[in-house]
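Remarks on the structure that follows.
Values quoted throughout were computed directly from the atomic coordinates according to the rules given, and no laboratory measurement underlies them. Everything numeric here is computed off the predicted structure, so don't read it as measured data. When we count neighbours, we look across all protein chains shown, and the Cβ atoms used for this are built from the backbone with ideal geometry, even at glycine.
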């Protein structure tokens, strides 16, 4: 069998199975959560996450060098945000085509630097490599107080399902680029310059109101399936509660809008569950929208005309 | 100007200059040493290093999947070894061509897992990505007691210059493959299955006899230049003291041997300096060879017939 016959999650599961079981201070190992979690002594856990992006799949040609740099850091910080971690450093291995203009490389580096700085950290190291295709492999490190670690696995039946920000903005930008529909800078920026929810993640875990959390960069549907699998629960979310920008609603309707909002990915928002008696505490931590509730099994969208089962489909390499 | 008009070190220097100055607990930042060094509280520094390898440049087609996995972890561990750090985790972002056989991917993962396990750590996370060219971007984390951190910058005039193991074995393997000369498995293994000097690095910094240290994966000459620049010193090394395996000496002679031993890279040995009055303490820490001494400036090889200035040439991407 070839790699392309697997979806990404199936491949990761096969890989994780071959690796040594977590031990030696590894609290969360490969394939289990948004970040690996290490106990290296002290009050905090050390969180580590890595993401490889490259030209063809991840950087539409309309993106500037600065945006490529920004995004390469942001995707890693978003994984830290999903565990409420405070970032302490980013390293970036850059595979650079030999004919790349130095000015473009410098723009990328400036974007990396500004994104890290915006979220209270910095690029502390890296690697450069001559590569046919522009490839950016970043790794971010973060710290979170041991007693505040929130995993994907804590959601309980009847918890409320919440998200930060808006859904479908990045998806709408992708569709618009694909169909050559003109869209405003605000929508394009959601795709090209994602804002990892570092502050919101820190505030949410600090509020002790959250039972599980992850980011939805791979899309809401796939993320709900991931969260449900880790917590052995299901979800019902309500179409009319999904927070979507008016400008996005103007651009796309019906099935197409649903695709952007639920299945496309690219929004770096947090998806989390909150015990109903703590929802006011969570609201004080950061702006949020309650989009549904935790149920026993399955992932469903309640919409006009009835219940739709949401398949585990979203942004995946392979498959 | 294009990337290919720079050598790798010049490119890294330009990149490092654009990044925010180390702060917020960053003890050693981008472009300064083999690893970035973070102070995250406690008795230890956290060390981070990342290396991107890929099919065309780094994995000769004779390498097995297992060896590709092993090497991808080993190159990162070698950077930790050069700071005497104890590894605590490795993450690996894998860019995989879609038509890659699953069995081959599994072999790679097994090689990664065995290398990490051999050196007391494990693969704790990663990323998979569909990529035209097989690309392995690893990041390794390690810890070292704060008072034991050895940087590239501590070499002093009249210190002794030392290396672990043998030089030129990986270079000889590369030449032999290139020229289709049959060589033994021992020599090929030095290239395909490098052994990072984790135990030696830990023992050396623990002995408090070492004034500066780095690995020589980019070759002895380039590494001496790097160490000299960081410490504002020079080096004189003696050709007849360079530790070279008899099998390598049988294969190559004269200028070709010198190329393999001094300029080619691929040996994951440690290069370090020791105060002359502490050389016996260093010898107790691990087997080593004294190859020369620290001088005021320049990098020279004393050989039959006189002194040769060694140029800053070795394994570099770009340029």
Overall form of segment A:108-221 per C-alpha gyration tensor (a/c, 1.5; a/b vs b/c): oblate
FRET efficiency, 1/(1 + (r/R0)^6) with R0 45 Å, evaluated for residue A:5 and residue B:229 via beta carbons: 0.35
Within the protein assembly as shown, percent of DSSP bridges classed antiparallel, to nearest 5: 80 percent
Chain A - mean residue ellipticity at 222 nm from DSSP helices (-39,500 (n - 2.57) per run, n ≥ 4, rounded to 500): -9500 deg cm²/dmol
Exercise: per-residue mean of other protein chain Cβ atoms within 10 Å, A:81-91: 3
Calculated label separations, residue B:42, copies of the chain, 7 Å along the beta-carbon direction, nm: 0.6
Most to least packed among A:102-114, A:21-33, B:125-137 [average Cβ atoms within 10 Å]: B:125-137, A:102-114, A:21-33
Shielding by partners, peptide B:7-20 (average Cβ within 10 angstrom, other chains): 5
Footprinting exposure proxy for B:45, B:315 (fewest neighbouring C-beta atoms within 10 Å first): B:315, B:45
Anisotropy class of segment B:33-146 from Cα gyration tensor, a/c 1.5 cut: prolate
Cβ-Cβ FRET estimate between residue B:110 and residue B:43, R0 fixed at 35 Å, reported to 0.05: 0.50
Sorted by Cβ density within 10 Å, fewest first, the residues A:244, A:161, A:123: A:244, A:161, A:123
Rounded FRET efficiency, nearest 0.05, which uses the C-beta distance separating residue A:147 from residue A:189 and R0 of 41 Å: 0.65
Computed over chain B: relative contact order in percent, which uses C-alpha pairs under 8 Å that are six or more apart: 23 percent
Top of A:35, A:286, A:115 by mean-square fluctuation, Gaussian network on chain A, Cα under 10 Å: A:286
For a label point 7 Å along the Cα-to-beta-carbon line of residue A:307, residues of segment A:235-279 with backbone N under 19 Å: A:235-242
Length gained when the stretch residue A:255-residue A:289 is fully extended (0.36 nm per residue, less Cα-Cα span): 10.0 nm
Centroid-to-centroid separation of segment A:8-76 and segment A:254-298 [C-alpha atoms, Å]: 22 Å
Fewest-first ranking of A:148, A:251, using other Cβ atoms within 10 Å as the exposure measure: A:148, A:251
Most mobile listed residue (A:82, A:158, A:212) in chain A, GNM with C-alpha springs under 10 Å: A:158
For segment B:33-146, share of DSSP beta bridges that run antiparallel, in % to the nearest 5: 75 percent
Simple label model, 7 Å out from Cα along Cβ direction - residue B:208 to residue A:13, nm: 5.4 nm
